[in-house]
1. Scan segment 9-22 and tell me whether some residue there is part of a strand (DSSP E or B) and either over 13 Å from the mean Cα position of the chain (by Cα) or at pLDDT 85 or above (or both).
2. Looking at (1) modelled with pLDDT under 85; (2) on the phi > 0 side of the Ramachandran plot, find the lone condition where residue 102 falls short.
3. What's the number of the only condition in (1) in contact with a helix residue (DSSP H, G or I) (Cβ under 8 Å, 6 or more places away or on another chain); (2) at pLDDT 90 or above; (3) under 19 Å from residue 67 (Cα atoms) that residue 138 fails to meet?
4. Given (1) touching a helix residue (DSSP H, G or I) at 6+ places or on another chain (Cβ under 8 Å); (2) under 20 Å from residue 57 (Cα atoms); (3) surrounded by 15 or more Cβ atoms within 10 Å (Cβ to Cβ); (4) at pLDDT 65 or above, identify the lone condition not met by residue 93.
5. I'd like the full set of residues that are part of a loop (DSSP other than H, G, I, E, B) and either loosely packed, with under 15 Cβ neighbours inside 10 Å or modelled with pLDDT under 85 (or both), limited to segment 23-40.
6. I'd like the residue in segment 61-71 that is in a helix (DSSP H, G or I) and either touching a strand residue (DSSP E or B) at 6+ places or on another chain (Cβ under 7 Å) or surrounded by 13 or more Cβ atoms within 10 Å (Cβ to Cβ) (or both) and, out of all such residues, is modelled with the highest pLDDT.
C-alpha cells in the first residue's frame, strides 16, 4: 500500500512539472539517458524521440508552442511485483492548453511507461485526436500516415 501511494504521488508530481510548471528537465531528471518517448498518431503525425535530452528538447518546443497548459491526471494504475525489476505505469489524463495565438484546446490521452529500477526506459502516449491541436511544429510526418493522400498533401500534417 505504501509503495503504491508513493508511486502515484511521484507520477502526479511529474505531470504537474511537465504541465503547468513547464519544467521537463526537473520532471525527467531520474529517467534513463536512453529513454524512448513514442507518440504514435496515425491520423496526424507521430514521432519517436530517443534519449532523455531529446525528450526534454521536445517538451521545450511544446512549451514554446503552447505557453499555457495543464495536465489533469484522472487515473493512475501500475503493475508491481517485488521480484520483477520492470514495472508498467499507466496514467489517464486530460490536457488543457492555449497556443501562442490564444486558441484553447482540450484533449485526452493515456501514458504508458515501462520502468526499470525506478527509471523510465520507454514511454508511449496514446492521444485522442478529438480536440488535438495541430502539432506540425513538434512532430514529423509519418510516411504511413500519408499513404492514400494526393501528392499535394506530402508534408502536410493533420487531416486534409
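The values are calculated or read from the model by the stated rules, or taken from the named source; none is laboratory data. If you're wondering where the values come from, they're calculated on a predicted model, not measured in any experiment. We place every Cβ from the backbone using ideal geometry, glycine too, and count neighbours over all the protein chains shown.
1. No - not one qualifying residue is present in segment 9-22.
2. It fails just one condition, (1).
3. Unmet for residue 138, out of (1) in contact with a helix residue (DSSP H, G or I) (Cβ under 8 Å, 6 or more places away or on another chain); (2) at pLDDT 90 or above; (3) under 19 Å from residue 67 (Cα atoms): (2).
4. Every condition holds for residue 93 apart from (2).
5. Kept after step one, since they are part of a loop (DSSP other than H, G, I, E, B), are these residues of segment 23-40: 23, 28-35, 40.
Matches in segment 23-40: 29, 30, 33, 34, 40.
6. Filtering segment 61-71 for residues that are in a helix (DSSP H, G or I) and either touching a strand residue (DSSP E or B) at 6+ places or on another chain (Cβ under 7 Å) or surrounded by 13 or more Cβ atoms within 10 Å (Cβ to Cβ) (or both), the one modelled with the highest pLDDT comes out as 63.
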